[in-house]
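Notes follow once the structure below has been shown.
The values are calculated or read from the model by the stated rules, or taken from the named source; none is laboratory data. Quick caveat, the model's predicted, so the values are computed rather than measured. Here the Cβ positions follow ideal geometry from the backbone for every residue, glycine too, while neighbour counts run over all protein chains shown.
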Amino acid sequence: MDRLINEIVSAIEADERILIASHLNPDGDAIGSSLALALALKKMNKDVFVYNRDGVPYQFEHLPGAEMVATSLDSEKPFDSAVVLDCSELERVGKDFSSMVATKKWINIDHHLTNEYFADITLIDKDACSTGYLVFNVLKALPVELDKAIADNIYTTIIVDTGSFRYSNATNEAFIAAGELVSLGVSPWEISNKVYENQPLGRMKLLSLVLDSLRVSENGKVASLVVTKEMMSATGTGHEETDGFVNYARSIEGVEVAFLVREITSSEYKISYRSKGLINVASVARSFGGGGHRNAAGCVMEGSLEEARKAAFYAAEKEVDAS
């Protein structure tokens, strides 16, 4: 780990123009880790470009540096290095992303089980509480003074990916890092309030429709929810407002695996799996060409809504029965 961090530090110090990119439909880890790294590199007088095709979700627009995130790479000149964060594969950044980028080297910082090691330098720790935590360790090795703006972003990655320190990845290291970040000026209440207590009315209306789609398997161990384009249209919402909905199904007593089926097109659906810990949903998602973490993973399925939901149910129940 130290060797890889030193390699990344050496590359960053040597390079002048650096691209930072993260995955489609970004969460707090993707955005927070990107902004923390970007703010630190700007303090080092680097020419930094932050890219995310889908932009910054509403609950993270308050983060320091959020205005730096661009949704297009059009007309961008070559980069000395491209740092891809919270992605196990380049396709997670977007279709044809790699062909749109001219760079001398690829750097990947990630914590997913299913990483494809596509970069020249790959820092991966599947046990890390967040990609932001790994970025934090890189930043501490750089010749830059960490400040509250950087700390706010890193802290956000940790609370989002640990479920506010409720999930199994809320390790001793996660709490130690959180303490260090608080000492840099982070206000846990301020961050939590903006991330979790600032929800649009439309999201609540959408949730009421989604909960009505709840299905639970006969043995009570698998549950699912559905989000259709019609539901989002009726409530004036988008896919970003569905973040966290799957956890309502997972919270049901006796449920070991929950998943959310979100309509992308009439024949394409995003499946988001969540586990309470006993079941490795990364292996379930991988069977459909997806991937992720042991307790949180996803994939895309084609067909009708019922076909996608049935296939997702069958795979989850099969994994539960085998455990």
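Residues in the stretch 148-171 that are in contact with a Pro (Cβ under 7 Å, 6 or more places away or on another chain) and aliphatic (A, V, I, L, M): Ala149 only.
With the condition kept exactly as written, say whether any residue in the stretch 149-161 is in a loop (DSSP other than H, G, I, E, B) and either at negative phi or surrounded by fewer than 21 Cβ atoms within 10 Å (Cβ to Cβ) (or both). Scanning the stretch 149-161, I find no residue that is in a loop (DSSP other than H, G, I, E, B) and either at negative phi or surrounded by fewer than 21 Cβ atoms within 10 Å (Cβ to Cβ) (or both), so the answer is no.
Going by the structure shown, is Asn198 under 30 Å from Leu63 (Cα atoms) and outside any helix (DSSP H, G or I)? In short, yes.
A search for C-beta distances below 7 Å between a residue of the stretch 71-86 that is in the same structural domain as His112 (by TED's automatic domain parsing) and assigned to a strand (DSSP E or B) and any residue that is aromatic (Phe, Trp, Tyr) and surrounded by 15 or more Cβ atoms within 10 Å (Cβ to Cβ), counting only pairs 6+ apart in sequence or on different chains, returns Ala82/Trp106; Val84/Trp106. From the list Ser233, Ser304, Ser217, the one residue that fits, being in contact (Cβ under 8 Å) with a residue 40 or more places away in the chain and among the hydroxyl-bearing types (Ser, Thr, Tyr), is Ser217.
Given the criterion part of a helix (DSSP H, G or I), assigned by TED's automatic domain parsing to the domain that holds Asp29 and charged (D, E, K, R), identify the matching residue among Glu190, Glu230, Glu241. Outline the logic, then answer.
Numbers: Glu230 fails: assigned by TED's automatic domain parsing to the domain that holds Asp29; Glu241 fails: assigned by TED's automatic domain parsing to the domain that holds Asp29.
Selected residue: Glu190, the only one of Glu190, Glu230, Glu241 that is part of a helix (DSSP H, G or I), assigned by TED's automatic domain parsing to the domain that holds Asp29 and charged (D, E, K, R).
The single condition among (1) modelled with pLDDT of 95 or more; (2) under 29 Å from Arg286 (Cα atoms); (3) crowded, with 19+ Cβ neighbours inside 10 Å that Asp120 does not meet is (3). So for the stretch 42-54 (the condition being surrounded by fewer than 23 Cβ atoms within 10 Å (Cβ to Cβ) and in a helix (DSSP H, G or I)), does at least one residue qualify? Yes - at least one qualifying residue is present in the stretch 42-54.
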